[in-house]
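Engineer: Before anything else, here's the structure in question.
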Amino acid sequence: MAEHPPLLDTSQILTSDISLLSAPIVSADGTQQVILVQVNPGEAFTIRREDGQFQCITGPAQVPMMSPNGSVPPIYVPPGYAPQVIEDNGVRRVVVVPQAPEFHPGGHTVIHRSPHPPLPGFIPVPTMMPPPPRHMYSPVTGAGDMATQYMPQYQSSQVYGDVDAHSTHGRSNFRDERSSKTYERLQKKLKDRQGTQKDKMSSPPSSPQKCPSPIGEHNGLIKGQNAGGVNTGLAKNKSGKGKGGAQMDTEIEEKDEETKAFEALLSNIVKPVASDIQARTVILTWSPPSSFINGETDETPIPELYGYEIFISSTGKDGKYKSVYVGEETSVTLNDLRPATEYHAKIQAEYNCIKGTPSETESFTTLSCEPDIPNPPRIANRTKNSLTLQWKGKGNGEFCQCYTGSQKQFKITKLSPAMGCKFRLSAKNEYGTSGFSEEVLYYTSGCAPSMPASPVLAKAGVTWLSLQWRKPSGTPSDEGIAYILEMEDETSGYGFKPKYDGEDLTYTVKNLRRSTKYKFKVIAYNSEGKSNPSEIVEFTTCPDKPGVPIKPSVKGKIHSHSFKITWDPPKDNGGASISKYIVEMAEGSNGNKWDMIYSGATREHLCDRLSPGCFYRLRVYCISDGGQSAVSETLLVQTPAVPPGPCLPPRLQGRPKAKEIQLRWGPPVVDGGSPITCYSVEMSSVEKDEPKEIYQGSEIECTVSNLLPGKTYSFRLHAANKMGFGPFSEKCDITTAPGPPDQCKPPQVTCRSATCAQVNWEVPLSNGTDVTEYRLEWGGVEGSMQICYSGPNLSYELKGLLPATTYYCRVQALSIVGAGPFSEVVACVTPPSVPAVVTCLQEISDEDIENPNYSPSTCLAINWEKPCDHGSEILAYSIDFGDKQPLTVGKVTSYILDNLQPDTTYRIRIQALNSLGAGPFSHVIKLKTKPLPPEPPRLECVAFSHQNLKLKWGEGTPKLLSPDSIQYHLQMEDKNGRFVSLYRGPCHTYKVQRLNESTSYKFYIQACNEAGEGPLSQEYVFTTTKSIPAALKAPKIEKVNDHSCEMTWECLQPMKGDPVIYSLQVMVGKDSEFKQIYKGPDTSFRYSSLQVNCEYRFRVCAIRQCQDPAGHQDLVGPYSTTVFFISQRTEPPAGASKDSVQSTRTRRALSDEQCAAVILVLFAFFSILIAFIIQYFVIK
């Protein structure tokens, strides 16, 4: 081995930092192999044997370990070392090599805790093991990369259990996976550039710095520095094949220029800066690599994100470094550091699995603090009245106990024997006192226990005995005492043998023989010794239940009501004599209801009181002191059948009828053990005792017919099975019921009047009983007659019939027995009569009357429906409408009453007449004539123009809500001489528009009310006036010179032969009135009295000169809009013309017609908008 650790101290091995590494390596064939563990001089190897004892082997030695499956046994190694397996000529050898130091912040003592027990099967060869020494040492094994390659699959349990668990060190496996992928990608790129094809599996990494192992980085090794041990492990970890240092140098030289440039960039990183240094934490910060190298800027593209790895060492700058952080941040907080310790930190940059060289070292020292919580004290020695405690201190070497002192052990005296005490420990230094350790409980030594009492039997079984005992008297309750229970079996001849050794006060001894005596005694012991055995007691196991008896059998002949059975005892009585036998019986071949019929010591029994022809199942079991046996096999026995027993007398089913009866009976109580196959019923009359068979069959009911009503008969029956008929039953006397009456003869019908008829009938044959009631059915249709009479009488009078109508009837007789059949149906016809009452008398509305002479003021129109004539044709109708004599009319259904008084109410009724007389009057209706129509009013013309005439008539306002309001009808004669309706309504005025000028028109008017339209008025003639000329447009002004201007205006045509002249007016300056400057037929005028810089307003109108016979008349039309003009002195250029004159024109105001048109357009627009809003938002 390259390095040998010093021999471990005794106190150090108990609590020193020990890491558990188990590296199971399964051989190729998986069979049992021997693995040699090499122990160098100065080393110690401790193993645990099968009995739980430890054995220590000191070096130099080779310890053979037998492995049943070829895997390496679990080994405890101190920190800084790792096991390495070397295979030499098929023999595996485990050696120990130094490893990168594990980082344990805070100086805590840690041991890897295993969740699994030690692996069985690693059994050292006993001949190779020297006697175990007092102290236990741990062997050291392993190489640099063993922690990464051989990860523990199974961990063994630790030597001392009360320690903290600590995870394995080193970088995680995902770094090696990423490095391998990057290596393959760079290797493929290198092969493409070189144009060579190499085996990828046999190619080593191109550079240790691309994907270096954590161990090589921690130790700070580069090419040429201890590369022999480190590179060997690295090559195995990555490619699985060992490679030499020369081959590694060749691969480094083959790196491409791009990789070298990235390595140079990543190597240009400054050391980290330590800040906020505490006792157990520190903050490290750093900057990304700089592209400024050796005074020049590198052209290599700078990545946006780097990876960083922090290494720290607590053994000096040249000591072994441990990786504590891998990530992309530029600052990290290190926790769990050891207080008062000098650390050295450096950083390494990485990008895309390419790493640069580590930076320079940053050194810092953590602050001091109070010590850690010590481990609980352990007992070094104890006596009956004292305890000696010992503990292990940590930190700077200063220790303390439950009192102020620095010793590592203390003796507590003046204690009682077997006394328990609890202890806890804390440490103190110049920075403070630690917390207390876990509590421990220790006892002082005692004396051997006294003789216990004999065990007592708690419960006994067939193969077991449950015993219990008490603690010896005078024993403290908290003292741990164990007990040994010994048993002697006299049949074995070996004496007392221990059956139980433990602290429980009860125990059940099993696997004993039944009904056997055993002897027991108990011995108590503790750490001081054993007590004397208790007194010997004897207990006997219980006997077992007996075996199953033999199946019972029949002894002798089987009778119909009894038979005898016998059985044999069981072959095994269970160790005790049989005390009694139990016989159980169940009826039926499949019956499960078992009844006990015998209990006793004899082995036979007479089964009696049985039913013939029945199946019986029998079984037997026995009882002894050991319990009850199982039941035997079942014996099935059937008794012979006999003829059935007597039946009960037949009984009447329902009520007896006049000529037949229904009989019903049940099966016999005793069927004789065979099913009933037939029944026989016999009948005899009371007068003649001559039985006659009336029925034979398997049914239990029959119907006896052809009997006489009211006669008594006797009936009896007997049943039969396969053995024959049984005895007859007792007789049963039954009397037939009387019958209903016979059919009545047809009834006789006599019509006394048109609405009344008399029906008579005779008494029918009663069939032994008196008729109690008759039912008479009457109806107008033969198939739907209703009962109109029910009673004992032989006649009935029907009233309220319709005249001249056919009726049908029939009669039926009833008695207490029932109803007889109906008689034959008889038809009759009632005589004719006066007509029926008139219905639906009502008034005819005015709109439905087409008679031109009809006047609602003096006439009333009525109609009605034709009533039934009751067999005689209706000849006339009589109308009664007041105090006058009734009015007779012909065969009509409507009539107009005339010559009545206006506005008068009449009570009207009507009756029909035929040859037999007058029918009844109808209901009365009240009708009222309307008042006379009003007279026409006087018509007047209150306003007129050349196109309109406003007419007025009558006085007052229209009554819209009054039903008696008068309506007016205005008519005008057109050019063809016809009257045209202009207005119909309650108003008193009307304006006639769109008329011709100077034209006469004729008008008529009449008044209307609910009585009708009144007469037309006299003829009224009204004439329209002549129209005035229309308004002219504004005149046009053209400036002639500074003192004159010319005005022109539009020309109008003559109006119906009347000439048209024009009038021009002007208003000068600030004058308030216009002055006429021209009047004549011309359409232009030159005005020459202009003044310079003066305002002028001009307007023009047309004048119609009417030539009437009465005289000359001028009709002046409206003036045009005013034109504004200012006269100015101007010196126009050569091209000056009309434009300068037109510039002086003022704005023209809108005329009245234009304003009206604009208002109309706006009103129409808003109306359409409002209608759209209502349609969209309200209606929808």
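The values are calculated or read from the model by the stated rules, or taken from the named source; none is laboratory data. Since the structure is predicted, the reported quantities are computational estimates derived from the model, not experimental observations. Heads up, the Cβs are rebuilt from the backbone with ideal geometry, glycines too, and the neighbour counts pull from every protein chain shown. Quick note on the areas: whole protein, heavy atoms, side chains included, nothing else; ligands and nucleic acids left out. Shrake-Rupley method; radii C 1.70, N 1.55, O 1.52, S 1.80 Å.
Engineer: Give, as residue ranges, the strands (runs of 3 or more DSSP E) completely inside the stretch 587-629 that count at least 2 residues that are under 20 Å from SER560 (Cβ atoms) and touching a residue at least 40 places away in the same chain (Cβ under 8 Å).
Structural biologist: On the way: elements: 595-600, 604-607, 615-624.
So the answer is 604-607.
Engineer: If I filter the stretch 375-413 down to residues being assigned to a loop (DSSP other than H, G, I, E, B), among the charged types (D, E, K, R) and surrounded by 15 or more Cβ atoms within 10 Å (Cβ to Cβ), which single residue comes out as modelled with the highest pLDDT? Reasoning before the result, please.
Structural biologist: At the first step, the residues of the stretch 375-413 found to be assigned to a loop (DSSP other than H, G, I, E, B) are 375-377, 383-386, 391-408, 413.
Filter again for among the charged types (D, E, K, R), leaving 384, 392, 394, 398, 408.
If we keep only those that are surrounded by 15 or more Cβ atoms within 10 Å (Cβ to Cβ) too, we end up with 392, 394, 408.
Working: LYS392: 58, LYS394: 43, LYS408: 77.
Among them, the one singled out is LYS408.
Engineer: Could you tell me which residue of the stretch 486-512 is surrounded by the fewest Cβ atoms within 10 Å (Cβ to Cβ), considering only residues that are free of Cβ contacts under 8 Å to residues at least 24 places away in the same chain and closer than 30 Å to THR383 by Cβ?
Structural biologist: In the first step, residues of the stretch 486-512 are kept if they are free of Cβ contacts under 8 Å to residues at least 24 places away in the same chain; the result is 492-495, 497-504.
Next, only the ones that are closer than 30 Å to THR383 by Cβ stay: 501-504.
Details: ASP501: 13, GLY502: 10, GLU503: 8, ASP504: 11.
Among those that are free of Cβ contacts under 8 Å to residues at least 24 places away in the same chain and closer than 30 Å to THR383 by Cβ, it is GLU503.
Engineer: Examine the stretch 466-481 for a residue that is surrounded by 15 or more Cβ atoms within 10 Å (Cβ to Cβ), among the aromatic types (Phe, Trp, Tyr) and under 30 Å from GLN628 (Cβ atoms), and state whether such a residue exists.
Structural biologist: no
Engineer: Next up: Would you confirm, using the coordinates I've provided, whether CYS1094 is modelled with pLDDT under 90 and surrounded by fewer than 16 Cβ atoms within 10 Å (Cβ to Cβ)? Quick ask: steps written out before the conclusion?
Structural biologist: Numbers: modelled with pLDDT under 90: yes; surrounded by fewer than 16 Cβ atoms within 10 Å (Cβ to Cβ): yes.
So CYS1094 fits the description; yes.
Engineer: Pull up the stretch 853-866, narrow it to residues that are part of a loop (DSSP other than H, G, I, E, B) and open to solvent by less than 20 Å² (accessible area, probe 1.4 Å), then point me to the one that is farthest from SER915 (Cα to Cα).
Structural biologist: Of the stretch 853-866, the ones part of a loop (DSSP other than H, G, I, E, B) are 853-859, 864-866.
If we keep only those that are open to solvent by less than 20 Å² (accessible area, probe 1.4 Å) too, we end up with 857, 859, 864.
Details: SER857: 37, CYS859: 31, TRP864: 21 Å.
Out of the qualifying residues, it is SER857.
Engineer: Pairs under 6 Å by beta carbon, first residue within 19 Å of PRO831 (Cβ to Cβ) in the stretch 747-775, partner among the small types (Gly, Ala, Ser) and buried (at least 19 other Cβ atoms within 10 Å of the Cβ), six or more apart or different chains?
Structural biologist: Filtered contacts from the stretch 747-775: VAL749/ALA757; CYS751/ALA757; ALA754/SER833.
Engineer: Output the residues belonging to the stretch 431-448 that are of a type outside the set (Phe, Trp, Tyr) and touching an Asp or Glu at 6+ places or on another chain (Cβ under 8 Å).
Structural biologist: Of everything in the stretch 431-448, those that are of a type outside the set (Phe, Trp, Tyr) and touching an Asp or Glu at 6+ places or on another chain (Cβ under 8 Å) turn out to be GLY432, THR433, SER434, GLU438, SER445, GLY446, CYS447, ALA448.
Engineer: Out of LYS580, LYS555, LYS545, LYS593, I need the residue that is open to solvent by 70 Å² or more (accessible area, probe 1.4 Å), among the charged types (D, E, K, R), out of contact with any Cys (no Cβ under 8 Å at 6 or more places or on another chain) and within 16 Å of ILE623 (Cβ to Cβ). Which one? Spell out how you get there, then give the answer.
Structural biologist: Numbers: LYS580 fails: out of contact with any Cys (no Cβ under 8 Å at 6 or more places or on another chain); LYS555 fails: within 16 Å of ILE623 (Cβ to Cβ); LYS593 fails: within 16 Å of ILE623 (Cβ to Cβ).
After applying the criteria, what remains is LYS545.
Engineer: Could you list, in sequence order, the residues of the stretch 518-530 that are of a type in the set (Gly, Ala, Ser), surrounded by 13 or more Cβ atoms within 10 Å (Cβ to Cβ) and modelled with pLDDT under 90?
Structural biologist: Kept after step one, since they are of a type in the set (Gly, Ala, Ser), are these residues of the stretch 518-530: 524, 527, 529.
If we keep only those that are surrounded by 13 or more Cβ atoms within 10 Å (Cβ to Cβ) as well, we get 524, 527.
Selection gives SER527 alone.
Engineer: Please go through the stretch 1068-1107 and give me each residue that is closer than 17 Å to TRP1049 by Cβ and aliphatic (A, V, I, L, M), ordered by number.
Structural biologist: Passing the criteria: ILE1077, VAL1100, ALA1102, ILE1103.
Engineer: For the stretch 1107-1123, which positions are among the hydrophobic types (A, V, I, L, M, F, W, C) and buried (at least 18 other Cβ atoms within 10 Å of the Cβ)?
Structural biologist: LEU1115, VAL1123, listed by residue number.
Engineer: Quick one: in the stretch 1032-1054, which of the residues that are open to solvent by less than 40 Å² (accessible area, probe 1.4 Å) and hydrophobic (A, V, I, L, M, F, W, C) is nearest to GLN1105 (Cα to Cα)? Please lay out each step first, then the result.
Structural biologist: So in the stretch 1032-1054, the residues open to solvent by less than 40 Å² (accessible area, probe 1.4 Å) come out as 1032, 1034-1035, 1037, 1042, 1044-1045, 1047, 1049.
Now drop any that are not hydrophobic (A, V, I, L, M, F, W, C), which leaves 1032, 1034, 1037, 1045, 1047, 1049.
Working: LEU1032: 17, ALA1034: 22, ILE1037: 27, CYS1045: 28, MET1047: 23, TRP1049: 19 Å.
Checking each candidate, the answer is LEU1032.
Engineer: With the condition kept exactly as written, say whether any residue in the stretch 640-657 is surrounded by fewer than 14 Cβ atoms within 10 Å (Cβ to Cβ) and free of Cβ contacts under 8 Å to residues at least 60 places away in the same chain.
Structural biologist: Yes, some residue in the stretch 640-657 is surrounded by fewer than 14 Cβ atoms within 10 Å (Cβ to Cβ) and free of Cβ contacts under 8 Å to residues at least 60 places away in the same chain.
Engineer: For the structure I just gave you, tell me whether THR365 is hydroxyl-bearing (Ser, Thr, Tyr) and either buried (at least 16 other Cβ atoms within 10 Å of the Cβ) or closer than 30 Å to THR433 by Cβ (or both).
Structural biologist: Details: hydroxyl-bearing (Ser, Thr, Tyr): yes; either buried (at least 16 other Cβ atoms within 10 Å of the Cβ) or closer than 30 Å to THR433 by Cβ (or both): yes.
Criteria met by THR365.
Engineer: Among all residue pairs at least 6 apart or on different chains, which show Cβ distances below 9 Å where the first residue, located in the stretch 526-554, is within 30 Å of ASP504 (Cβ to Cβ) and the second is outside any strand (DSSP E or B) and among the aromatic types (Phe, Trp, Tyr)?
Structural biologist: SER534/TRP469; THR541/TRP464
Engineer: Just one of the numbered conditions (1) within 29 Å of GLY461 (Cβ to Cβ); (2) open to solvent by 60 Å² or more (accessible area, probe 1.4 Å); (3) modelled with pLDDT of 90 or more; (4) not charged (D, E, K, R) is not true of LEU606; which one?
Structural biologist: (1)
The rows are residues; the columns are (1) open to solvent by 20 Å² or more (accessible area, probe 1.4 Å); (2) under 30 Å from VAL637 (Cα atoms); (3) free of Cβ contacts under 8 Å to residues at least 60 places away in the same chain.
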position: GLN662; (1), (2), (3): yes, no, yes
position: VAL669; (1), (2), (3): yes, yes, yes
position: PRO675; (1), (2), (3): yes, yes, yes
position: SER684; (1), (2), (3): no, no, yes
position: ASP689; (1), (2), (3): yes, no, yes
position: TYR695; (1), (2), (3): yes, no, yes
position: ASN706; (1), (2), (3): yes, no, yes
position: SER714; (1), (2), (3): no, no, yes
position: CYS732; (1), (2), (3): yes, no, no
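Engineer: For LEU913, only one of the following conditions fails: (1) in contact with a Leu (Cβ under 9 Å, 6 or more places away or on another chain); (2) farther than 30 Å from LEU1115 by Cβ; (3) at pLDDT below 90. What is its number?
Structural biologist: Result: LEU913 passes all but (3).
Engineer: In the list SER560, SER515, SER534, which residue meets the criterion of being at pLDDT below 90, open to solvent by less than 50 Å² (accessible area, probe 1.4 Å) and either touching a Pro at 6+ places or on another chain (Cβ under 8 Å) or outside any strand (DSSP E or B) (or both)?
Structural biologist: Values: SER515 fails: open to solvent by less than 50 Å² (accessible area, probe 1.4 Å); SER534 fails: at pLDDT below 90.
None of the other options fit; the residue is SER560.
Engineer: Give the stretch 891-905 a look and list any residue that's among the hydrophobic types (A, V, I, L, M, F, W, C) and either in a loop (DSSP other than H, G, I, E, B) or within 60 Å of the chain's Cα centre (by Cα) (or both), or say none.
Structural biologist: Step one: filter the stretch 891-905 for residues among the hydrophobic types (A, V, I, L, M, F, W, C), giving 892, 896-897, 900.
Passing the criteria: VAL892, LEU900.
Engineer: Would you confirm, using the coordinates I've provided, whether SER1063 is within 30 Å of THR999 (Cβ to Cβ), among the polar types (S, T, N, Q) and either modelled with pLDDT of 90 or more or assigned to a loop (DSSP other than H, G, I, E, B) (or both)? Write out each step before concluding.
Structural biologist: Values: within 30 Å of THR999 (Cβ to Cβ): yes; among the polar types (S, T, N, Q): yes; either modelled with pLDDT of 90 or more or assigned to a loop (DSSP other than H, G, I, E, B) (or both): yes.
Taking the combined requirement at face value, the residue satisfies it.
Engineer: Scan the stretch 867-899 for residues that are surrounded by 14 or more Cβ atoms within 10 Å (Cβ to Cβ), more than 24 Å from LYS928 (Cα to Cα) and of a type in the set (D, E, K, R) and jot them down.
Structural biologist: Within the stretch 867-899, ASP869 is the sole residue that qualifies.
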